[in-house]
Amino acid sequence: MEAVMVRYGEIFLKSEPVKRRFISIMTENIRLALEAEGLSHRIETPRGRVLIFGDEPRRIAAAVAGTFGVVSVSVCTVTTADIPGIAAAAVEHAEWHLRPGMSFAVRARRSGVEGFNSQELAAEVGSAVLDRVPEATVNLTTPDYEVFVEAREFGGLVYDEKISGPGGLPYGTQGEVMALLSAGIDSPVASWLMMRRGCLMVHVHMHSGRFGGADSEKNVLQNHARLSRWVPGHPVDLLVVDMEPFFEAITALKEPRYRCILCKRFMLRVASILAEERGAYALVNGDNLGQVASQTLANMTVIAPAATVPVLRPLIGFDKEEIIERARAIGTFEAHPGSVGCTVAPRYPSTAAPAATIAQIEAVLDVESLAVRAAGTVRRYRAKNGEVEGER
Ligand code: ATP
Ligand code: MG
């Protein structure tokens with residue numbers, strides 16, 4: 001019989017009640033992920049271990065390896081909790097991989113089982129492997145092949161492969177946050193990092209209408225849909241706000257240098273209104289120190305106070321290459337995004353806008369009313385399992 005063993009990292013460090021709560025949220029998310037793939041299964045949690053039984057263990061392992069909170073998974077052979085049973089399964093695994101001249105190691109663990117300790121278990125399994133493949137050698141420091149064996153009160157487990165998961169904390173163990181999602185590369189990565197940290201996610205996009213690229217909304221919806229794949233079974237909302245009236249207002253100003261600062265402040269203002277309406281704790285954006293003029297330290301300091309809820313910036317210290325690498329791994333990187341540029345951005349944006357000047361301009365524009373009006377234009381797109389369900 002085979003079972004998929006799930007390893008979780010940091011959850012181990014939590015107190016017992018917190019650990020129980022996190023594991024139960026994680027197993028529910030695993031259940032939803034397997035249901036979305038149509039994989040019938042049974043989840044057991046003997047002594048903090050998460051084991052999944054089902055007809056297609058390899059497909060189960062692949063689906064579970066995408067779940068937040070999971071550090072790695074292994075497809076295990078389940079045996080009786082005694083040395084002969086475990087050794088027989090280990091020999092079968094080793095025979096597949098060990099060629100003459102290759103070295104190997106047996107890594108053994110034992111708990112809740114009497115009659116032998118883990119060293120004895122490792123030694124016995126090792127000699128059973130050598131009996132079957134006598135040309136192999138034992139090397140405990142740098143083996144070519146490792147077989148892992150565990151004796152537990154519920155049985156023995158034998159495996160030799162680990163599939164890495166995303167790590168982090170189970171989705172839903174933290175509160176809700178609202179990520180400002182654009183058609184670009186950074187913000188989907190920022191959203192993903194906070195989802196991986198357990199935050200329930202809602203997306204918000206500021207649509208610039210005729211001032212933005214023709215492909216912006218299509219790409220945002222694609223980013224939104226792709227991110228929802230990481231939390232199967234959970235609906236994720238995208239709120240789309242109409243920013244066109246605001247762009248009309250700032251393009252009528254004489255001075256184009258401050259447009260990006262005004263725009264970023266406006267986005268934070270509107271997103272704060274929407275976050276407060278829903279009770280989301282914080283905003284998330286893809287700001288990255290020094291990336292563009294609006295992300296100099298001086299400008300970020302002028303932009304930040306426009307938010308009335310905390311703003312999380314998980315990418316602040318990343319290099320662009322690291323962000324791109326992440327975006328590729330997450331599946332949101334788009335090599336040919338089409339026309340997503342902003343036509344309002346000035347040629348020479350200010351890299352250090354004076355806060356007092358910005359305040360004056362905003363008073364003239366009456367940005368507060370513009371923000372309230374913009375927050376009233378929300379269109380909602382719900383995504384689930386990688387599909388957008390349409391406007392609501
Ligand atoms: P990205 O940073 O996602 O690649 P971008 O480069 O177009 O997109 P920036 O000018 O770097 O955006 O803006 C910084 C952050 O502001 C983005 O990471 C995103 O969180 C937010 N943002 C930018 N444009 C929009 C928009 N139209 N709607 C919602 N959020 C936006
Ligand atoms: Mg950016």
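What follows is calculated from the coordinates using simple rules that are stated; it is not laboratory data. Not measured: the values here are computed from a predicted model. So basically every Cβ, Gly included, is an ideal-geometry build from the backbone, and we count neighbours across all protein chains shown.
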Between GLU321 and PHE116, with labels modelled 7 Å along Cα→Cβ, what's the label distance in nm to one decimal, could you check? 4.9 nm
Shape category assigned to segment 265-392 from the gyration tensor of Cα positions, a/c cut at 1.5: oblate
Taking the Cα centre of segment 176-391 as the origin and placing charges on Cβ (Lys, Arg +1; Asp, Glu -1), which of VAL177, VAL270, VAL364 is farthest toward the positive end of the dipole? VAL177
For the chain, with only Lys/Arg (+1) and Asp/Glu (-1) charged at the beta-carbon, what is the dipole magnitude about the Cα centre, in debye rounded to 20? 1120 debye
Kindly express, to the nearest 10 degrees and within the range 0 to 90, the angle between helix 186-196's C-alpha long axis and the longest C-alpha principal axis of the chain. 50 degrees
Roughly what angle does helix 16-36 make with the longest principal axis of the chain, taking Cα atoms, 0 to 90 degrees, to the nearest 10? 80 degrees
Quick one: compute the contact order of the chain, relative version, from alpha carbon pairs under 8 angstrom and 6+ residues apart, as a percent. 17 percent
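With a Förster radius of 35 Å, plug the Cβ-Cβ distance of GLU389 and ARG31 into 1/(1 + (r/R0)^6) and report the FRET value to the nearest 0.05.
Once the sixth-power term is evaluated, E becomes 0.95.
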Prolate/oblate/rounded call for segment 251-294, Cα gyration tensor, a/c under 1.5 rounded: oblate
Round to the nearest 10 and give me the degree value, 0 to 90, for the angle of helix 216-228's Cα axis relative to the longest principal axis of the chain. 30 degrees
Whichever lysines have a C-alpha closer than 27 Å to that of LYS162, once near sequence neighbours (fewer than 8 apart) are set aside: LYS14, LYS19
Which one of THR308, GLY338, SER164 has its Cα pushed farthest toward the positive end of the charge dipole of the chain, where Lys and Arg give +1 and Asp and Glu give -1 at the Cβ? THR308
Students often forget the sequence filter, so: which lysines lie under 26 Å Cα-Cα from LYS264 once same-chain residues fewer than 8 apart are removed? LYS218, LYS254, LYS320
Nothing charged except the Cβ atoms of Lys and Arg (+1) and of Asp and Glu (-1): what's the magnitude of the dipole of segment 67-149 about its Cα centre? Round to the nearest 20 debye. 220 debye
Could you order the peptides 285-292, 328-335 from most to least packed, using the average number of other C-beta atoms within 10 Å per residue? 285-292, 328-335
